[in-house]
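Asks: Mind looking over this structure? Questions follow.
Please treat every number below as a calculation from the coordinates, not as lab data. The model shown is predicted, which means the values in this text are computed figures rather than measured ones. Neighbour counts run over all protein chains shown; Cβ positions are idealised from the backbone, glycine included.
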Amino acid sequence: MIVSSAVVEGEIAGAVIERAVAGDEMAFARIVAVHHEDMARIAYFVSGDLDVAADAEQAAWAITWRRLGTLRDPARLKAWLMSVTANEARQIMRSQRRRTVRELAVDVPTSSPDPDRSALIDLANAVADLDHRDRTLIGLRYIAELDSEAIGRELGLSASGVRVRLHRLLGRLQKDLDHD
Amino acid sequence: MTERNPMDPFETRLTALVRNYTEPAVKLSDPLVTARTAMASTTRGGALGQLWPVGLNRGLAWLLLLAALVIALAALAAVGSGPSIFVQAPDGPGRIVFVRDGDLFVAEGDGSGQTLIASGDADDVKLGYLTAAWSPDMRHIAAVRDVGGAFLTPGVDLMTADGALVRTVALDAGCGPSLSWSPDSSKVAIGTCPADVLRDAIEGVESGIGLLLAGLDASADREIALPREWQSVASANPEVWIRPDLWARWSPDGRWIALWAIVAGQGGRHLVAADGSGTRPVDDLIIRMGNGVESLDWSPDGRRLAIAGGWVGCMEKVCLGIVDSEGGAVTSTVVHPSPGDLNLHGKLFWPEFSPEGDRVAVLGGLIDFSSEPAVAETYMLYDYDLATARFTELTSGIRSMIWDGGGAAQPTGTVTGELVAGGTVAWTPDGRGLLYLVRETGNSSASWTIRSIDAAGGSQSSVIVEGVQSFDIGFSD
């Protein structure tokens with residue numbers, strides 16, 4: 001199924017949502033098709049656990065199905081979905097009391113370290129040190145690519161508040177990633 | 001959606017890294033199967049209100065989670081907030097109760113003898129204690145504690161002065177509640193926004209407000225009915241306020257509780273009769289223009305209010321006024337140089353009457369736009385003498401900011417002086433000194449230092465307690 005994100009997020013989003021709310025499974029599937037990848041990424045970024053991420057995404061879709069009719073503003077759909085997903089990931093983590101450190105598979109050492117892999121390990125370590133709120137913030141910005149205003153609406157912050165927090169987080173992450 | 005600023009090189013690199021990092025989570029799947037699975041897994045709730053009768057099922061749990069999301073940073077703000085019951089009984093050494101790292105401590109008024117009296121059990125899912133307040137008779141402490149559950153599920157612990165728990169008042173998930181003891185020390189007014197915070201997340205509306213009077217004995221508990229149209233501002237940006245905007249303060253005569261609410265889209269202070277018999281807007285006391293009263297304090301005898309904001313005769317928010325609490329003329333004074341200068345934006349806020357009622361401590365803020373994009377934000381602590389109508393600047397601090405392309409100001413990290421936190425000023429019982437919170441620079445977490453200063457402006461400030469998240473001070477007879 002090929003669906004344009006721009007289409008669903010654009011002017012007909014309201015109609016798609018309306019049909020999905022009315023029980024049109026194809027309409028609901030279109031929403032899934034557009035957003036599931038980012039939701040999976042955010043769930044994983046927040047939880048650091050593939051199993052939790054998969055559970056969280058599915059749970060988020062169940063919640064979405066149940067609650068879609070309460071969404072007044074179709075333009076908020078993406079932000080809302082991502083927010084729901086991040087919360088569900090956190091809730092599952094919390095219920096399972098899982099650790100949030102992602103373990104990367106150890107490759108056979110090579111003569112020179114792979115810089116990309118090294119950066120990923122640094123990122124994994126840096127993310128492990130973030131709390132779920134900060135992970136959510138990073139995920140909404142750099143995975144879902146939401147602007148500060150949209151993030152703020154979901155997190156109960158002003159746009160400037162989001163910018164300030166992101167600014168601090170970026171400084172911290174840059175320090176962690178550029179430590180060497 | 002508004003346009004975002006272009007990403008800088010590090011953001012571009014981070015975006016690529018994050019996508020690479022999360023790639024293992026992306027699995028090929030049939031959207032229709034996912035959709036059908038979701039549709040089969042649960043019954044539809046339809047409109048939001050239809051979910052509530054379901055009870056504490058998964059739907060409700062999720063509502064609480066959404067509520068939690070909204071108040072997430074309100075919780076952080078609550079961590080850095082101080083309730084505003086400043087007991088003014090004369091004499092005595094004064095005792096401070098404060099929160100540090102989610103635990104509750106007491107200390108002498110000079111900061112000595114710091115003693116842990118209750119652990120908030122803070123961890124990665126619970127914030128522990130957030131704020132605390134002495135009862136006027138100094139025999140009890142009320143303290144807000146995040147007890148886990150949804151993101152912020154607050155409870156209010158009522159305990160003796162040495163930390164022995166009397167009872168816990170359980171609250172629904174919501175914002176960080178505000179506390180105000182009744183003058184007779186028998187009960188605490190707890191302002192909450194429990195029920196409809198989720199609507200803020202889903203439907204873009206503000207939250208409702210609750211007002212619970214909780215006694216040391218649970219049988220005395222009583223909920224004050226507030227107008228349904230009153231909305232909370234508790235999910236407002238915690239970056240710009242220190243004490244929760246959800247704020248309650250009992251009048252010294254015990255007749256009224258002042259609250260801040262949004263009514264018909266207009267924020268303002270309102271008085272709620274403590275016996276539940278009615279409400280009235282503080283703005284009715286004055287001839288209002290613009291935003292009216294933004295903050296207030298009761299005089300020690302309860303007959304007057306110190307108000308800060310703007311009204312007829314002072315159109316900008318740079319005025320401090322004293323008004324009869326039953327209504328009457330306002331004495332307003334302009335102290336900032338901001339009126340008339342388009343490059344300066346000033347305001348006065350958080351007045352605090354002295355124990356004798358003859359002076360008012362008040363905070364001033366001034367933003368200087370004259371060197372845009374560089375912006376200087378200044379905070380001042382004033383002592384205002386009612387008899388002479390003179391302001392004395394006691395201390396101040398400046399932080400530098402830079403306007404970004406999106407219209408927001410980003411701190412540069414450069415701070416000089418003391419950035420006084422609003423709403424956290426307490427007079428010493430003799431009226432000679434003031435205690436206040438100053439943001440600790442170089443520390444990204446919400447952490448403040450309690451400092452004291454001569455109210456007459458005759459001395460430099462001194463450190464009382466460091467590493468504090470909130471505080472209250474009381475003075476025993």
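Asks: Sort B:145, A:66, B:432 so the one with the fewest other Cβ atoms within 10 Å of its own Cβ comes first.
Replies: Going from least to most buried by this count: B:432, A:66, B:145.
Asks: Shifting gears a bit: Peptide A:149-162: average number of partner chain Cβ atoms within 10 Å per residue?
Replies: 6
Asks: Right, another one. Of A:93, A:82, how do they rank once you tally other Cβ atoms within 10 Å and put the fewest first?
Replies: A:93, A:82
Asks: Computed FRET efficiency, Cβ-Cβ of residue B:301 and residue A:75, R0 45 Å: what is it to the nearest 0.05?
Replies: That pair, residue B:301 with residue A:75, gives E of 0.25.
Asks: Packing-wise, with mean Cβ within 10 Å as the measure, how do A:43-56, B:247-260, B:369-382 rank, highest first?
Replies: Highest mean packing first, the order is A:43-56, B:247-260, B:369-382.
Asks: In addition: Expected output is a single nm value to one decimal: the length gained when fully extending between residue B:456 and residue B:115, i.e. 0.36 nm times separation in residues minus the C-alpha distance. What is it?
Replies: This chain segment gains 119.7 nm when fully extended.
Asks: Could you give the nm distance between label points at residue B:414 and residue A:174, where each point is 7 Å from its Cα heading toward the beta carbon?
Replies: 1.7 nm
Asks: Something else now. Want the number for residue B:463 to residue B:221: 0.36 nm per residue separation, take away the alpha-carbon distance, what's left?
Replies: 83.2 nm
Asks: Largest first and to the nearest Å, give the Cα extent of segment A:13-80 along each principal axis.
Replies: Principal extents (largest minus smallest coordinate, Cα): 35, 20, 18 Å.
Asks: Count, for each residue of A:32-41, the Cβ atoms from other chains sitting within 10 Å of its Cβ, then give me the mean as a whole number.
Replies: Neighbouring Cβ atoms belonging to other protein chains average 5 per residue here.
Asks: Please work out the FRET efficiency for the pair residue B:37 and residue B:101, using the Cβ-Cβ distance as r and a Förster radius of 56 Å; give the result to the nearest 0.05.
Replies: 0.80
Asks: Can you give the mean number of other chain Cβ atoms that lie within 10 Å of the Cβ atoms in peptide A:141-148?
Replies: Mean shielding count: 5.
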